[in-house]
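Engineer: Before I ask anything, here is the structure I am working with.
No lab work stands behind these numbers, since they all come straight from the coordinates. In this text, all values refer to a predicted model and were calculated from it rather than measured experimentally. Cβ coordinates were reconstructed from backbone atoms using ideal geometry, including for glycine residues, and neighbour counts include every protein chain displayed.
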């Protein structure tokens, strides 16, 4: 309920700032999907959540859940904590359970806010979860969120959605560092291409 209310309010607010989207039809109507987006601002998960018609369950840094009020708020918005800098088995299990239930999992491949560059260092979490579950990855680019609010936002805001990355080529392959690296690079290449249009 909280997710729907916040999404409706923010949709109106962001529409006034000219939020546009491309490729919404590429999101499957049902079934599990991993949304992988760039992350340059705290507004990125908000824009993705507003644009996509299905609820997105974002992994968020554990520090955001240390305050009781914020923890309740983020949980109500379908976010769940992940400890950065180490393999968080609990968060990975939660992510895989959500995908088993046919939900959308939102992850930022870079692991923290930064400007995307073609050679940007990326985390292997998205690829690892995708390969273990066989769930396709939807690359998403948030454009314009790196500007100062509010004056910088009078330039267009855009959420551009790419083609679904399916994992047929990895079927029956062992999940290892090589396959995770290959898929991670492919995901980031797709996100970078979306930002260049």
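Engineer: Hey, with R₀ at 41 Å, roughly what FRET efficiency would residue 123 and residue 15 work out to, going by the Cβ-Cβ distance, to 0.05?
Structural biologist: So, using R0 = 41 Å, E works out to roughly 0.80.
Engineer: Could you calculate the FRET efficiency of residue 25 with residue 61 from 1/(1 + (r/R0)^6), where r is the beta carbon distance between them and R0 is 30 Å, rounded to 0.05?
Structural biologist: 0.40
Engineer: Place a point 7 Å from Cα of residue 169 in the direction of its Cβ. Which residues in the stretch 121-138 have their backbone N less than 17 Å from it?
Structural biologist: 127-128, 130-132, 134-138
Engineer: Right, next: Mean-square fluctuation check for the chain, GNM, Cα pairs under 10 Å: which of 108, 15, 58 is largest?
Structural biologist: 15
Engineer: OK, next. Grab the Cα-Cα distance for residue 8 and residue 100, subtract it from 0.36 nm times how many residues apart they are, and report the gain in nm with one decimal.
Structural biologist: Here the segment from residue 8 to residue 100 would lengthen by 30.4 nm.
Engineer: Quick one, what does Rg over Rh come out to for the chain if you take C-alpha atoms and the Kirkwood Rh?
Structural biologist: 0.94
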